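The values are calculated or read from the model by the stated rules, or taken from the named source; none is laboratory data. Quick caveat, the model's predicted, so the values are computed rather than measured. When we count neighbours, we look across all protein chains shown, and the Cβ atoms used for this are built from the backbone with ideal geometry, even at glycine. Surface areas here come from the heavy atoms of the whole protein model, side chains and all, with no ligands, DNA or RNA. Shrake-Rupley method; radii C 1.70, N 1.55, O 1.52, S 1.80 Å.
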Amino acid sequence: MNILVINAGSSSLKYQLFEIGKEEVLAKGLVERIGIEGSKLTHTAKGKEKLEITEPMSDHKQAMGYVLRALTDKQYGIIKDMDEINAVGHRVLHAAEKFSDSVVINDAVMDAIRDCIKFGPLHNPANLMGIEACRATMPNTPMVAVFDTAFHQTMPKKAYLYGLSYDAYKEHGIRRYGFHGTSHKYVASRMPALMGKDKKDLKLIICHLGNGSSLSAVDGGKCVDTSMGLTPLAGVVMGTRCGDIDPAIVPHLMKEMKLDSDQMSDYMNKKCGVLGLSGISSDFRDLSKAAAEGSERAEMALEVFAYSVKKYIGAYAAAMGGVNAIVFTAGIGENDSNMRARCCEGLEFLGVKLDGELNKIRGKEQRISAPDSRVEVWCVPTNEELMIAMDTYELCK
Ligand code: AMP
């Protein structure tokens, strides 16, 4: 069974075609600058040469047409015609409380995604455009929505309620939803096999550390808490996002810096985090290099980041009454051994003992704690696309 996975942004469309059974990627690609001058498709299929097309693409539907032509192209493609795509899985950001799992898309699901635009104003409209483009070009192919929020729907009320008025939750839906759910779910699903334990016996702290970062506490396979909130702005300090701050800072800075609410939101999303702290970059490779060359601000930004991750690890160990494994994933978690070590520094009291040699690895599934570490520490590369493909397969097989 072939499953096409689509991740649509406002001006981009990423895709991967999986062959389920072999869990193999047959082809993948990216359309950039949709609706903007310089639209471009980059496509690679297994065993074929790379294809690049620079043609005007005014909307997602037109972009999808190019993707299907690339997938079925005699020279660059991998399938004969689009009937060989058995189902399509779409990444969707926000489902609020409407869905706690992936779902086959119908008109009611489209309406539900539309209803959640208020919580995901940048992503949900783009995700909808991606779905609409696929439904228009492949009207008979089943489609599935896989939500970033779904995995976190198992959180108990004590974890998802804010200390606001209860009306804010009941009337306006203001609560912690959490994000990166597909990644947390994928990594959590790998751990029982990797650790040789039953999932019901595992308390996991999953650290998805990338450009956006979030941690989750997963007890018995279910998410019981997560660091992002109503939106992906909350939690640990991130590349360009501020993470948790005193809420009184918002009106204060709006007055001081003369910003309206959109400008304030833009500031907190794009100009803060380790970028704002260092004044250098949001990329941890640049920061590590700058710190090694003596930049105090780069070093300070790295320290603030590591400290904020460590505090969440401590909080989640307390929330679950223990922890069996801490797992690092995503760009930083998979590649940055120094940052992994910094996040674990001082956690010996919890039973965490990293193995310096094992921790040197990058981008591979491996235990990185010492054999006598009471809490295991792991590096597990995430695979959100595969998780979306597997969920789609389960619903459409
Ligand atoms: P992601 O959002 O998961 O794609 O992660 C992207 C981030 O991972 C980048 O902004 C970098 O900060 C970080 N990253 C990727 N590779 C490395 C590396 N080799 N060392 C340190 N950080 C890295």
Once the dipole of the chain is set up from charges on Cβ (+1 Lys and Arg, -1 Asp and Glu), the residue from the list Pro247, Leu204, Gly276 lying farthest towards its positive end is Leu204
Whole-number percent relative contact order across region 180-229, with pairs defined as alpha carbons under 8 Å at least 6 apart: 29
Residues whose placed amide H lies under 5 Å from that of Val103, excluding near-sequence neighbours: Ala145
What's the extension gain from Thr154 to Asp198 if we count 0.36 nm per residue and subtract their Cα-Cα distance? 13.9 nm
Sorted by chain and number, the residues with a modelled amide H under 5 Å from that of Val327, at a separation of 5 or more or across chains, are Ile205, Ile206, Cys207, Trp378
Mind grabbing the accessible area of His172 for me, 1.4 Å probe, Å², rounded to tens? 120
Of all GluC sites (Glu not before Pro) in region 326-397, the ones in DSSP coil with at most 10 other Cβ atoms within 10 Å are Glu357
Only sites in a loop by DSSP and with at most 16 other Cβ atoms within 10 Å count here; which GluC sites (Glu not before Pro) in region 201-306 make the cut? Glu293
Taking the alpha-carbon centroid of each part, what is the distance from region 20-92 to region 225-289 in angstrom? 34
Please label the shape of region 1-103 as rounded, prolate or oblate, based on the square roots a ≥ b ≥ c of the eigenvalues of the alpha-carbon gyration tensor (a/c under 1.5 means rounded; beyond that, a/b larger than b/c means prolate, else oblate). oblate
Once whole DSSP H runs in the chain are found, which of them have Cα atoms spread over 20 Å or more along the helix axis and a mean Kyte-Doolittle score of at least -1.0? 123-137, 181-195, 296-320
Too long for a 22 Å Cα-Cα cut-off, among Lys258/Lys311; Lys203/Lys311; Lys22/Lys80; Lys80/Lys185; Lys157/Lys270; Lys48/Lys397, are Lys258/Lys311; Lys80/Lys185; Lys157/Lys270; Lys48/Lys397
Counting only C-alpha contacts under 8 Å and six or more residues apart, can you give the relative contact order of the chain as a whole percent? 14
What are the ³J(HN,Hα) couplings of region 229-239, residue after residue, when phi is run through the Karplus curve with 6.51, -1.76, 1.60 and θ = phi - 60°? Round to Hz, x for glycine and proline. x, 4, 10, x, 7, 8, x, 6, 4, 10, x
Choice from Ala317, Ala290, Ala96 with maximal GNM fluctuation in the chain (Cα, 10 Å cutoff): Ala290
Using a probe of 1.4 angstrom, how much of the accessible area of the chain is carbon and sulfur, in percent? 50
Over the chain, with a Gaussian network built from C-alpha contacts below 10 Å, which listed residue (Ala234, Ala193, Ala301) shows the highest mean-square fluctuation? Ala193
Global geometry of region 231-331, whether rounded, prolate or oblate, following the gyration tensor of its Cα atoms and the 1.5 cut on a/c: oblate
What does the charge count around Gly322 come to, taking other residues whose C-beta lies under 15 Å from its C-beta (Lys +1, Arg +1, Asp -1, Glu -1)? 0
Charge dipole (debye, nearest 20) of region 290-397; +1 at Cβ of Lys and Arg, -1 at Cβ of Asp and Glu: 200
Simple Cβ-charge dipole of the chain, Lys/Arg +1 and Asp/Glu -1, about Cα centre, in debye nearest 20: 380
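With +1 on each Lys and Arg Cβ and -1 on each Asp and Glu Cβ, and nothing else charged, work out how big the dipole of region 103-192 is about its Cα centre, in Debye to the nearest 20.
420
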Neighbourhood charge, 11 Å Cβ-Cβ cut-off, centred on Lys40 and excluding it, Lys, Arg +1 and Asp, Glu -1: -3
Can you tell me which of Met155, Met138, Met82 moves the most in a GNM of the chain? Springs connect C-alpha atoms under 10 Å apart. Met82
Can you pull the one-decimal nm distance between simple spin-label points at Asp283 and Glu52, each 7 Å off the Cα toward Cβ? 1.8
How far, in nm, would the chain grow between Ile249 and Lys222 when pulled straight, counting 0.36 nm per residue and subtracting the alpha carbon separation? 6.4 nm
With every protein chain kept in place and a 1.4 Å probe, the residues Met1, Met57, Met195 fall, from largest accessible area down, as Met1, Met195, Met57
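Give a quick list of trypsin sites (Lys or Arg not before Pro) in region 275-380 that DSSP marks as loop, anything other than H, G, I, E or B, with at most 10 other Cβ atoms within 10 Å.
Lys364
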Charge dipole of region 57-108 built from unit charges on the beta carbon (Lys, Arg +1; Asp, Glu -1), centred at mean Cα; most positive-end Cα among Gln62, Ser102, Ile85 is Gln62
Expressed as a whole number of Å, what is the distance separating the alpha-carbon centroids of region 170-185 and region 357-397? 22
Are there cysteines in the chain with no other Cys C-beta under 4.7 Å, and if so, which? Cys116, Cys134, Cys207, Cys223, Cys343, Cys344, Cys379, Cys396
Å² per residue, accessible surface of the chain at 1.4 Å: 46
